[in-house]
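Structure record follows, encoded as structure tokens.
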Amino acid sequence: MRKFAVIGLGRFGYGVAKTLTEKGCEVLAIDSDEEKVKDVSNFVTHAVQLDATDEDALHHVGIQYVDVAVVSIGENIEASILIVMTLKEMGVKEVVAKAVTPIHGKVLRNIGVSKVVFPERDMAIKIANSLAVPNILEQIELSSEYSIIETTVPENIAGRTLIESGIRDRFGVNVIAVKKRVPTITESGEPDFVEEWNVSPMPEDRLEEGDVLVLLGPNEGLNKLKKG
Ligand code: ATP
């Protein structure tokens, strides 16, 4: 399991530390505020109070041995930049950082941050997308050109087999998995549904109303497919 450091335990840093821990990762959580450190100390692997602009203090807690450091400091942009530069100088391979303004993001990218996150903006885009196109359940941007999306079967395709749907031919999009809701009877005799994943769909597999498709392809093709 990869080792992580989370520096700055505001709402974003706290959420990152909690989720990584729940996924079984080793997490070194750092904040200069004693209360913030206390809040995470009962679930993370190590929680330390220190000023992360202090290189010696970072060295002392072994930050150089983590695989990924997440810098989650927004208000004090100067501290955020200084900490990232220190981590890079100390040889931390992967640094992910939160940015609060476009300029902050640009500077972080220029000093070698592998992934810059704008939590509020990113979440706003995600929510707006899901409201604008309600049948899109999940979207992962692989690059500016390609994405993976999870969507319910469009009406005009329901009832057809994968090959008949022409999803690949018409849109250049690959169906990488299909999730079906299969009717079942519970132990107490009630009708219910269970989810069944088909992770290697075949051309003759039939797509039915209510199925969920996981699609990989160019954004242009995915957008056309969404519109039907
Ligand atoms: P969020 O929006 O995620 O709640 P925020 O923007 O309100 O965060 P920030 O200013 O980004 O708050 O600070 C996040 C945390 O980083 C705070 O808990 C703060 O104590 C901590 N922090 C700020 N500077 C340092 C530093 N030099 N060393 C360690 N921790 C720091």
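Select from the range 194-228 the residues that are of a type outside the set (Gly, Ala, Ser) and in a strand (DSSP E or B) and list them in ascending order.
Here is the first cut: in the range 194-228, the ones of a type outside the set (Gly, Ala, Ser) are 194-199, 201-209, 211-216, 218-220, 222-227.
Once the filter is applied, which keeps residues that are of a type outside the set (Gly, Ala, Ser) and in a strand (DSSP E or B), the range 194-228 yields Val194, Glu195, Glu196, Trp197, Asn198, Arg206, Val212, Leu213, Val214, Leu215, Leu216, Pro218.
Which condition number does Val100 fail, the rest of (1) open to solvent by 20 Å² or more (accessible area, probe 1.4 Å); (2) in a loop (DSSP other than H, G, I, E, B); (3) more than 24 Å from Ser143 (Cα to Cα) being met?
(3)
With the requirement that a residue be hydroxyl-bearing (Ser, Thr, Tyr), more than 14 Å from the ligand (Cβ to nearest atom) and under 18 Å from the mean Cα position of the chain (by Cα), what does the range 1-46 give you?
Matches in the range 1-46: Thr21 only.
Within the range 1-28, count every residue that is in contact with a Phe, Trp or Tyr (Cβ under 6 Å, 6 or more places away or on another chain) and assigned to a strand (DSSP E or B).
Qualifying residue count, the range 1-28: 1.
Which pairs do you get when a residue that is without any contact (Cβ under 8 Å) to a residue 24 or more places away in the chain, found in the range 146-166, comes within reach of a residue that is assigned to a helix (DSSP H, G or I) and open to solvent by less than 20 Å² (accessible area, probe 1.4 Å), reach meaning Cβ atoms under 9 angstrom, with the pair 6+ apart or on two chains?
Once the first residue is without any contact (Cβ under 8 Å) to a residue 24 or more places away in the chain and sits in the range 146-166, no partner that is assigned to a helix (DSSP H, G or I) and open to solvent by less than 20 Å² (accessible area, probe 1.4 Å) comes close enough.
Yes/no matrix, rows are residues, columns are (1) in contact with a strand residue (DSSP E or B) (Cβ under 7 Å, 6 or more places away or on another chain); (2) crowded, with 18+ Cβ neighbours inside 10 Å:
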site: Ala52; (1), (2): yes, yes
site: Leu58; (1), (2): no, yes
site: Asp67; (1), (2): yes, no
site: Val71; (1), (2): yes, yes
site: Asn76; (1), (2): no, no
site: Val84; (1), (2): yes, yes
site: Lys88; (1), (2): yes, no
site: Lys106; (1), (2): no, no
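Does the range 117-125 contain any residue that is more than 16 Å from the ligand (Cβ to nearest atom), more than 16 Å from Ile7 (Cα to Cα) and outside the structural domain of Gly217 (by TED's automatic domain parsing)?
yes
The values are calculated or read from the model by the stated rules, or taken from the named source; none is laboratory data. The structure presented is a predicted model; accordingly, all values stated were derived computationally and were not measured. Heads up, the Cβs are rebuilt from the backbone with ideal geometry, glycines too, and the neighbour counts pull from every protein chain shown. The accessibility values were calculated without ligands, DNA or RNA, using every heavy atom of the protein model including side chains. Shrake-Rupley method; radii C 1.70, N 1.55, O 1.52, S 1.80 Å.
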